[in-house]
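> Handing you this structure, nothing more for now.
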Amino acid sequence: MAAAGWLWRRLCQGSAFPVSYASRIMQKQSFLPSSNLMGARLAGTHVDTQEPKTNPLVSISDEPETLYKRLSILVKGHDKAVLDSYEYFAVLAAKELGISVEKVDKPPKTIERLTLLKSVHIYKKHRVQYEMRTHYMCLELKYLTSSTAAVYLEYVQRNLPEGVAMEVKKTKMEKIPEHIQKPVWDTLPQVKETEVKS
């Protein structure tokens, strides 16, 4: 570790020593994982490195954003406390991203019951019941762009607790097609009325 400290002092002072020596020392101390020193200042000069001009994680496209009028998220699970904490998390994440929350609704729970005999052969009146309760939580967000919706959904789905399922419905806003923008009765030819004699 003393060699790394000595090397750091020499780098800060800008003294001259060969690049191969510096990279050898740094690799021995596991200071840098590779032999190329990116942007290090050696002997009073700057080593130019070629960095990518565009970020590969950001994609730029000429296509217009898709607009969603409503994004409905239905979350279901068997533990009510988990759903309540997840509801708090989802609403907080929406507020942090500046998404307007239309409503948070809790549809009625569904209960599935299974009745079994306690005894295998006799005592038909002695039974045991098992039930499985499924709780629901519906979160509706309005007026989103496709990129905002993708970021929000990815964040919320990655933090989905165990034993909880999610269902997403998107209501897309689209432009009215040109062939139905004008009323149909304006484009139809006028028909002359004929009198019927009886």
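The values are calculated or read from the model by the stated rules, or taken from the named source; none is laboratory data. Quantities reported herein were computed from a predicted structural model and do not represent experimental measurements. Cβ coordinates were reconstructed from backbone atoms using ideal geometry, including for glycine residues, and neighbour counts include every protein chain displayed. Protein only, heavy atoms only, side chains kept; ligands, DNA and RNA dropped before computing areas. Shrake-Rupley method; radii C 1.70, N 1.55, O 1.52, S 1.80 Å.
> Taking only the range 169-198 into account, find how many residues are outside any loop (DSSP other than H, G, I, E, B) and among the acidic types (Asp, Glu).
Start the filter on the range 169-198 by keeping residues that are outside any loop (DSSP other than H, G, I, E, B), which leaves 169-173, 178-180, 184-187.
Checking which are among the acidic types (Asp, Glu) leaves us with 178, 186.
Qualifying residue count, the range 169-198: 2.
> If we scan the range 160-168, do we find a residue that is farther than 24 Å from residue 69 by Cα, β-branched (Val, Ile, Thr) and assigned to a strand (DSSP E or B)?
Among the residues of the range 160-168, at least one is farther than 24 Å from residue 69 by Cα, β-branched (Val, Ile, Thr) and assigned to a strand (DSSP E or B), which makes the answer yes.
> Where the second residue is surrounded by fewer than 12 Cβ atoms within 10 Å (Cβ to Cβ) and polar (S, T, N, Q) and the first is in contact (Cβ under 8 Å) with a residue 12 or more places away in the chain and lies in the range 141-163, which pairs have Cβ atoms under 6 Å and are six or more apart or on separate chains?
Hits for this filter: 142/100.
> Within the bounds of the range 123-130, is there any residue that is over 30 Å from residue 60 (Cα atoms) and open to solvent by less than 80 Å² (accessible area, probe 1.4 Å)? Let's see the steps before the verdict.
As a first pass, look at the range 123-130 and keep what is over 30 Å from residue 60 (Cα atoms): 123-130.
Filter once more, keeping what is open to solvent by less than 80 Å² (accessible area, probe 1.4 Å): 128.
Within the range 123-130, one or more residues are over 30 Å from residue 60 (Cα atoms) and open to solvent by less than 80 Å² (accessible area, probe 1.4 Å).
> Now for a separate question. Limited to the range 77-115, what total is found for residues that are assigned to a strand (DSSP E or B), open to solvent by 80 Å² or more (accessible area, probe 1.4 Å) and not acidic (Asp, Glu)? I'd like the intermediate steps shown before the answer.
Our first condition is that a residue be assigned to a strand (DSSP E or B); within the range 77-115, this holds for 77, 100-105, 110-115.
Cutting the leftovers down to open to solvent by 80 Å² or more (accessible area, probe 1.4 Å) gives us 103, 112-114.
Pick out the ones that are also not acidic (Asp, Glu) and you get 103, 113-114.
Residues meeting the conditions: 3.
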